[in-house]
1. If the requirement is being crowded, with 24+ Cβ neighbours inside 10 Å, within 30 Å of residue B:209 (Cβ to Cβ) and in contact with a helix residue (DSSP H, G or I) (Cβ under 7 Å, 6 or more places away or on another chain), which of these qualifies: B:304, B:296?
2. Out of all the residues in segment B:260-276, is one or more within 26 Å of residue B:410 (Cβ to Cβ), part of a loop (DSSP other than H, G, I, E, B) and in contact (Cβ under 8 Å) with a residue 60 or more places away in the chain?
3. When you scan segment B:187-221, how many residues do you find that are closer than 19 Å to residue B:259 by Cα and outside any loop (DSSP other than H, G, I, E, B)?
4. Residues that are closer than 27 Å to residue B:167 by Cα, touching a helix residue (DSSP H, G or I) at 6+ places or on another chain (Cβ under 6 Å) and not in a strand (DSSP E or B): does segment B:83-95 have at least one?
5. Output the residue which, of all residues in segment B:176-186 that are away from chain A (no Cβ under 14 Å) and not in a loop (DSSP other than H, G, I, E, B), is nearest to residue B:281 (Cα to Cα).
6. For residues that are surrounded by 15 or more Cβ atoms within 10 Å (Cβ to Cβ) and not in a loop (DSSP other than H, G, I, E, B), tally how many sit in segment A:10-30.
7. Can you work out which of the residues in segment B:71-82 that are in a loop (DSSP other than H, G, I, E, B) and surrounded by 24 or more Cβ atoms within 10 Å (Cβ to Cβ) is nearest to the chain's Cα centre (by Cα)?
């Protein structure tokens, strides 16, 4: 099945992808279907398509990122777009006016697609209101990281054949994690059961209202789950502020074979990367080729981002925007 | 198998309300049986027997607030000398505070305390561990690992944790470990420089006062955080009438709050400071008589859960100084029981109330097996002569430090025998 065959079945009537919130199950499903075709294409010798031919894609990263930015870059290039990376040192950028100034500057360059990461929750949505092109949220603060949730869903669906009815444990720093929020939203929308496993200090208030089951004991939290999704714990949050120490965290919440034994025998291990081995995940577990799909997630990332860029480009106006457009 | 029968005893178990004549059998360090009819037909052969002479046989006392000098200040008190003092006072379990040098904030130090206590101690010793690293009030300690190693609760000892954000996180973190958070209730900006209760007496003596507000304010703040996090929280020593009332109300609201009072605060008041007596310089300070009475009533109605010695050995170097410059604290392991009994003798407390706050109530707070007269429990026992009068001579104290506010006072009631895990660890010297 090629991308062209699925294009008629694509349901994605959105101008931007700012979050998972608000997406319908069939929209997510059809994005994943499209992404599946790109997985196949990316495994061919000729990976190039021309659906974004003539389009300009700007990756605007206010936060440092290697893998997400290169994944967006590769996705755009494989679809034939002209891709430019703008890494903005976070220290030189202030909120509010300056962000809008940046938007005005970008508008003048007439991009078609803008992939943005920003350290503040809501900043990508703010930018999206001020530019004339399609915007993909590449992660905003502790709010959402929709392409990560989509690539996780694609990884799971390809391995397990479905999302519905699976039990997924998301473990670690839920409080600061945009990955957790997007995944909770997506998995709930698709009919999976979501658990969060963390000490009380790393859970945001009212998280149970997002439709998750809370566990503070990792062994109980992992009992009979299909998927173990680990999150990265920033080192600066670990020395007595949110948790007492690295060794206590690893002892109680680090994924090792002993805790993993509680999960289903065929449970998959996922991690958005970059991993802190010996902090949230044992090296042995991370490298277990039978269980860990961590490298597969990276592959799915490119395919999912191609699907997202492709889908959004279909909703772009085909007539050129005149000077002063995109107010 | 070693078996010992304790005959002709007044069996007193505050947890079950048992108070009747009977016998008790100890088998291999555990209580095997007890009751009014046990051994009515005589003691079987091979069982050693001890005649209790009709005296009170109680679960051994549990003192959840003891400072020692080990490690770091062994000249004031070692774990060995503290446990000797405990045994002489009928105390079979002591909980030691973490403000040693180095601070008990690491698994290795919990192991050290347990090993030293096992090798040199006469009674059970459990450490509380530091709530924050190095007691600095900046980063929470490894509560999970420390609890697994054997820490029974978490506290910064005599240092209050003032940072509200850290207290919130520490309490939240403690909930899933189900550990007890103990915070010395004293707002430092209000206690700074103070040396005794603020009031007329301090004014007459020309000493700077510590207002009751320093205590009540900290308790009220902490209770707000308890309400939000659902943590188990304990005020180690209450000293004011209002503190007791605040905790009484909080308990009624269903908060998991408990508190203790020291034997000194239950039996002495600010007037005992008298002529600048540094042995009566305590933290929290001895308060007014109304406060003392209210704290006693708190024990009687169950608001105050535990009575502690707050045993704090200080030597001449730290106590033989002008009042303002001297250290806070008093030794108390050997006077804990007679001080508590004085409240029974004058009718303020029943024997069950007094001993309850010294046995099963602290045991329940700290999840200890001891503290009850029941089959299968450890044979930690104290045989008490309720009535014998005596005068305290501080130089006869087993504790290495002699800073007792009860020096030369008349006391009533004494320990006749102390057993830990079925083994006699104390009988009085022949006078």
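1. B:304
2. Yes; the residues of segment B:260-276 include at least one that is within 26 Å of residue B:410 (Cβ to Cβ), part of a loop (DSSP other than H, G, I, E, B) and in contact (Cβ under 8 Å) with a residue 60 or more places away in the chain.
3. Count: 9.
4. No, because not a single residue in segment B:83-95 is closer than 27 Å to residue B:167 by Cα, touching a helix residue (DSSP H, G or I) at 6+ places or on another chain (Cβ under 6 Å) and not in a strand (DSSP E or B).
5. B:182
6. 5
7. B:77
Rundown of residues vs (1) within 27 Å of residue B:98 (Cα to Cα); (2) touching a helix residue (DSSP H, G or I) at 6+ places or on another chain (Cβ under 9 Å), yes/no style:
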position: B:197; (1), (2): yes, yes
position: B:204; (1), (2): no, no
position: B:208; (1), (2): no, yes
position: B:222; (1), (2): yes, yes
position: B:245; (1), (2): no, yes
position: B:258; (1), (2): yes, yes
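The values are calculated or read from the model by the stated rules, or taken from the named source; none is laboratory data. Keep in mind the model is a prediction, meaning the values are calculated, not measured. Neighbour counts are summed over all protein chains in view; Cβ atoms, including those assigned to glycine, are modelled from backbone coordinates with ideal geometry.
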